[in-house]
Amino acid sequence: MPEPAFEKRFDHVLITGGAGYVGAVLTPQLLDAGYRVTVLDLCWYGDGVLPEHDNLTLVKGDLRDAETVRDAMQGVDAVLHLACVSNDPSFDLDPTLGKSINLDAFEPLVDAAIAAGVKRFVYASSSSVYGVSDALDVTEDHPLHPLTDYSKFKAQCEPVLLGKASDTFVPVVIRPATVCGYSPRQRLDVIVNILTNHAVSHQKIRVFGGDQLRPNLHINDMADCYETVLEAPDEAVASKTWNVGSTNHPVSEIAQIVKRVVEEAMPGLGEIAIDVEPTDDPRSYHVNSSRIAADLGFTPELTIEDAVRDLCFAFRAGKLPNSMTDPKYFNVKVMQEQPATV
Ligand SMILES: NC(=O)c1ccc[n+]([C@@H]2O[C@H](COP(=O)([O-])OP(=O)(O)OC[C@H]3O[C@@H](n4cnc5c(N)ncnc54)[C@H](O)[C@@H]3O)[C@@H](O)[C@H]2O)c1
């Protein structure tokens with residue numbers, strides 16, 4: 001990680017969803033930076049992804065439970081809200097569950113933060129709020145056309161949070177691109193990671209469509225972004241909404257990158273084939289992330305190549321066993337095993 005642009009200004013941070021894919025990278029990073037961290041997470045995708053640390057409190061609980069939230073917020077200065085049912089297929093399995101977490105619980109969570117004296121609240125929205133757009137550059141001013149309930153609820157929560165801004169409560173909305181790369185809580189259901197898994201496991205990548213543009217972001221850049229937003233002064237972040245992504249490649253180009261990097265990093269696998277198949281998923285968006293660069297000086301430093309290389313390293317080290325079959329790597333498979341509307 002580069003030298004932080006700002007000074008550490010808070011002591012105690014609550015990360016909801018801190019045991020998830022992004023959280024499992026962000027939490028140790030903030031601990032290393034000297035924060036006290038409380039993680040509130042149901043740990044759907046497994047225990048043991050977070051380090052043992054004197055400054056870490058793991059609350060294995062549900063953010064829909066008012067008492068759990070109230071207790072977890074005690075003494076917290078800032079909240080990073082990552083927890084949710086975090087992709088469309090998982091959401092569609094049980095829309096009632098998804099709505100209860102992603103939308104209904106949102107305002108009570110923000111109100112609980114305000115009541116507990118939390119000073120800054122950073123919300124992980126999504127660049128999928130824009131839906132399909134032909135615009136050359138989708139900036140934060142682009143109209144929102146969310147195509148799914150997951151994206152729609154992300155979009156609906158943003159004004160709820162921003163409407164709570166005050167002299168003592170600073171809300172910030174981040175709209176990340178699709179994240180990629182290695183995490184101790186690995187997801188293999190996001191595009192770069194899916195293609196890398198198939199390349200390594202089957203020496204074959206299946207590309208659906210290929211022309212759709214997909215913005216991506218390396219997971220370590222994602223974590224650096226949250227740390228930067230946490231550390232920047234109030235006046236620089238108050239009520240801001242920022243896109244965060246690095247590169248926008250067509251899916252076919254992402255496949256070529258994965259093929260090249262896997263062939264280089266794991267030469268024993270031989271040649272990786274690419275099969276192109278039709279798709280009924282039209283999402284395509286070219287996300288412009290220059291505003292956060294201008295406002296905070298934050299620019300992603302890492303590439304898709306880095307993410308694929310990191311994943312190859314993890315495969316070679318045996319950190320991703322049974323990567324095609326273990327449900328824990330695929331949110332929708334784990335959600336299928338949850339009791340309905342828990
Ligand atoms: N990963 C991406 O590509 C991406 C892209 C854009 C936005 N985001 C957003 O970033 C955030 C983090 O994404 P991720 O990939 O780490 O997701 P993830 O699914 O890996 O993690 C979400 C975590 O939230 C927890 N959780 C869910 N419901 C909960 C509840 N009711 N109470 C407590 N914990 C609960 C889960 O146990 C899980 O650990 C999400 O809000 C997601 O929508 C992610």
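For PRO171, the test of being part of a loop (DSSP other than H, G, I, E, B) and either touching a helix residue (DSSP H, G or I) at 6+ places or on another chain (Cβ under 9 Å) or open to solvent by 50 Å² or more (accessible area, probe 1.4 Å) (or both) is failed. Among the residues making up segment 1-44, those that are among the hydrophobic types (A, V, I, L, M, F, W, C) and closer than 24 Å to GLU337 by Cβ are ALA19, VAL22, ALA24, VAL39, LEU40, LEU42, CYS43, TRP44. The condition of being more than 22 Å from ARG185 (Cα to Cα), away from the ligand (no atom under 16 Å from the Cβ) and at pLDDT below 95 holds for only one of ASP281, ASP295, ASP275, that being ASP275.
Looking only at residues of segment 10-28 that are away from the ligand (no atom under 15 Å from the Cβ) and part of a loop (DSSP other than H, G, I, E, B), we find that the one that is surrounded by the fewest Cβ atoms within 10 Å (Cβ to Cβ) is ASP11.
For segment 100-121, a residue qualifies if it is more than 13 Å from the ligand (Cβ to nearest atom), in a helix (DSSP H, G or I) and open to solvent by 40 Å² or more (accessible area, probe 1.4 Å), and the qualifying residues are GLU107, ASP111, ILE114, ALA115. So, SER151, is that one in a helix (DSSP H, G or I) and modelled with pLDDT of 90 or more or not? For SER151, the condition - in a helix (DSSP H, G or I) and modelled with pLDDT of 90 or more - is met.
Selection of segment 66-86 for residues being touching a Gly at 6+ places or on another chain (Cβ under 9 Å), more than 8 Å from the ligand (Cβ to nearest atom) and in a strand (DSSP E or B) yields only LEU80.
Working carefully through the options LEU97, LEU63, find the one that is near the ligand (Cβ under 9 Å from one of its atoms) and outside any helix (DSSP H, G or I).
LEU63 is the lone residue from the list that is near the ligand (Cβ under 9 Å from one of its atoms) and outside any helix (DSSP H, G or I).
So the check is Cβ under 6 Å with 6+ separation or different chains; which pairs have a first residue in segment 296-320 that's within 16 Å of VAL244 (Cα to Cα) and a second one that's surrounded by fewer than 19 Cβ atoms within 10 Å (Cβ to Cβ) and small (Gly, Ala, Ser)? The qualifying pairs are GLY297/ALA5; THR299/ALA293.
Could you check, for segment 220-242, whether at least one of its residues is at pLDDT 95 or above, within 14 Å of the ligand (Cβ to nearest atom), assigned to a helix (DSSP H, G or I) and aromatic (Phe, Trp, Tyr)? Yes: one or more hits. For segment 295-342, the set of residues classified as open to solvent by 60 Å² or more (accessible area, probe 1.4 Å), among the β-branched types (Val, Ile, Thr) and under 21 Å from the mean Cα position of the chain (by Cα) consists of THR299 only.
Filtering segment 29-56 to residues that are closer than 10 Å to GLY18 by Cβ and either open to solvent by 20 Å² or more (accessible area, probe 1.4 Å) or part of a strand (DSSP E or B) (or both) leaves VAL37, THR38, VAL39, LEU40, ASP41, VAL49, LEU50, LEU56.
The values are calculated or read from the model by the stated rules, or taken from the named source; none is laboratory data. Because the structure is a prediction, the values reported are computed rather than measured. No Cβ is skipped: glycine too gets one built from the backbone with ideal geometry, and neighbour counts run over all protein chains shown. These area figures cover heavy atoms from the full protein model, side chains too; ligands, DNA and RNA do not enter into them. Shrake-Rupley method; radii C 1.70, N 1.55, O 1.52, S 1.80 Å.
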